[in-house]
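**Student:** So that we are looking at the same thing, I have put the structure below in structure tokens.
Throughout, read-outs are computed from the coordinates displayed, never taken from laboratory work. Treat the numbers as computed from the prediction; the structure is a model and nothing was measured. Neighbour counts run over all protein chains shown; Cβ positions are idealised from the backbone, glycine included.
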Amino acid sequence: MSTDSPKKPAQGGSKSLMENLLGLLRIRVKRGVNLAVRDVRSSDPYVVIKMGKQKLKTRVIKKDINPEWNEDLTLSITDPSIPIKLTVFDHDTFSKDDKMGDAEFGISPYLEALKMNLEGVPSGTTVSRIQPDRANCLAEESCIQWKDGKVVQDMCLRLRNVECGEVEVQLQWIDLPGSKGL
């Protein structure tokens, strides 16, 4: 019996990350507004952003229920249908960090705006508006704008599962050379 059987070529699923990667989404976590109090009179909030298996977090801001993070977190986007989940936590030194609410948002409207040909459109032009509704966590209308040659979306997210609090974020796309692209 011969042992030199020809090796079968590997079936699908062996694509490299770059072949599946559409690009990078930079989420600027701007600030929290009227966040819940979880310590004696204040909280030490930080934000965790999750998409699929990716998890990123901001720094902790001590004793502030209106924190200004202005921090950029970057996600690799392979499947734009996966919602992005944002959770605010209160950092505790000696016990488990307390949840201070969460929000979820999709990026499909933003990606649709990215596909438009916006060459020659004046900077500051609003390309699209998303209204708050039961299906999203928007606290107010969200505008997708063409600013300085880039498509950006500003969102004010109302936190769920908590008595109060909102988080302001901004989305910006980063095209990667060698990625699949949109």
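**Student:** Would you please name the trypsin sites (Lys or Arg not before Pro) within the stretch 99-182 that are DSSP coil residues with at most 15 other C-beta atoms within 10 Å of their C-beta? Intermediate results must be reported in sequence, preceding the final value.
**Tutor:** Details: sites: K99, K115, R129, R134, K147, K150, R158, R160, K180; in loops: K115, R134, K180.
Within the stretch 99-182, the qualifying trypsin sites (Lys or Arg not before Pro) (loop, at most 15 other Cβ atoms within 10 Å) are K115, R134, K180.
**Student:** Round to the nearest 0.05 the FRET efficiency obtained for S42 and E140 when R0 = 30 Å and r is the Cβ-Cβ distance. Intermediate results must be reported in sequence, preceding the final value.
**Tutor:** Working: r = 25 Å, r/R0 = 0.84.
The calculated FRET efficiency here is 0.75.
**Student:** With a cut-off of 16 Å, note down the residues of the stretch 63-82 whose backbone N falls inside the zone around a label point 7 Å from the Cα of K115 toward its beta carbon.
**Tutor:** Of the residues in the stretch 63-82, 78-82 have backbone N under 16 Å from the label point off K115.
**Student:** Expressed as a fraction of 2.2 N^0.38 Å, the rule-of-thumb size for a compact globular protein of N residues, what is the C-alpha radius of gyration of the stretch 142-182?
**Tutor:** Working: Rg = 14.5 Å, N = 41, 2.2 N^0.38 = 9.0 Å.
Compared with the compact-globule rule of thumb, the stretch 142-182 sits at 1.61.
**Student:** Using only the alpha carbons of the stretch 85-182, determine the length spanned along each of the three principal axes and report them from longest to shortest in whole angstroms.
**Tutor:** Here the Cα extents, ordered largest to smallest, are 54, 33, 22 Å.
**Student:** I need to check one value: relative contact order of the chain, counting alpha carbon pairs closer than 8 Å and at least 6 residues apart, in percent. Kindly include the intermediate steps, with their values, before the conclusion.
**Tutor:** Details: 398 pairs, mean separation 48.0, N = 182.
Reported as a whole number, the value is 26 percent.
**Student:** Here's a follow-up. Give me the extension gain from L182 to N70: residue separation times 0.36 nm, minus the current Cα-Cα distance, reported in nm with one decimal. Mind dumping the intermediate values first?
**Tutor:** Numbers: separation 112, 0.36 × 112 = 40.32 nm, distance 2.70 nm.
Stretched out fully, the L182 to N70 stretch lengthens by 37.6 nm.
**Student:** Right, next: What residues have an amide H closer than 5 Å to that of T78, excluding those fewer than 5 places away on the same chain, when H is modeled at 1.01 Å from N in the peptide plane?
**Tutor:** Those lying under 5 Å, H to H, from T78 are L22.
**Student:** While we're on this one: Could you work out the helix-only [θ] at 222 nm for the chain, with each DSSP H run of four or more residues adding -39,500 (n - 2.57) and the total divided by the number of residues, to the nearest 500 deg cm²/dmol?
**Tutor:** Working: 2 runs with 11 residues, N = 182.
-1500 deg cm²/dmol, from helical runs alone.
**Student:** I've got another one for you. For the chain, list log₁₀ I(q)/I(0) at each q in 0.14, 0.19 Å⁻¹, using the Debye formula over Cα point scatterers of equal strength and ignoring solvent, two decimals each.
**Tutor:** Per q value, in the given order, log10 I(q)/I(0) is -0.80, -1.26.
**Student:** Counting only residues 5 or more places away or on other chains, whose amide H sits under 5 Å from the amide H of R31 once H atoms are built in the peptide plane?
**Tutor:** Close amide H contacts, sequence-distant or interchain: W69, N70, E168.
**Student:** Considering the Cα trace of the stretch 17-85, what is its radius of gyration and what is Dmax, both in angstroms?
**Tutor:** 14.6, 50
**Student:** For the stretch 137-182, what does the relative contact order come out to in percent, with C-alpha contacts under 8 Å and a separation of six or more? List each step's numbers first, then the result.
**Tutor:** Values: 64 pairs, mean separation 14.2, N = 46.
Reported as a whole number, the value is 31 percent.
**Student:** Which value, in debye to the nearest 20, describes the size of the charge dipole of the stretch 31-182 about its Cα centre when Lys and Arg Cβ atoms bear +1, Asp and Glu Cβ atoms bear -1, and nothing else is charged? Before the final figure, lay out the partial values.
**Tutor:** Values: 21 positive and 24 negative charges, 75 e Å.
So the magnitude is around 360 debye.
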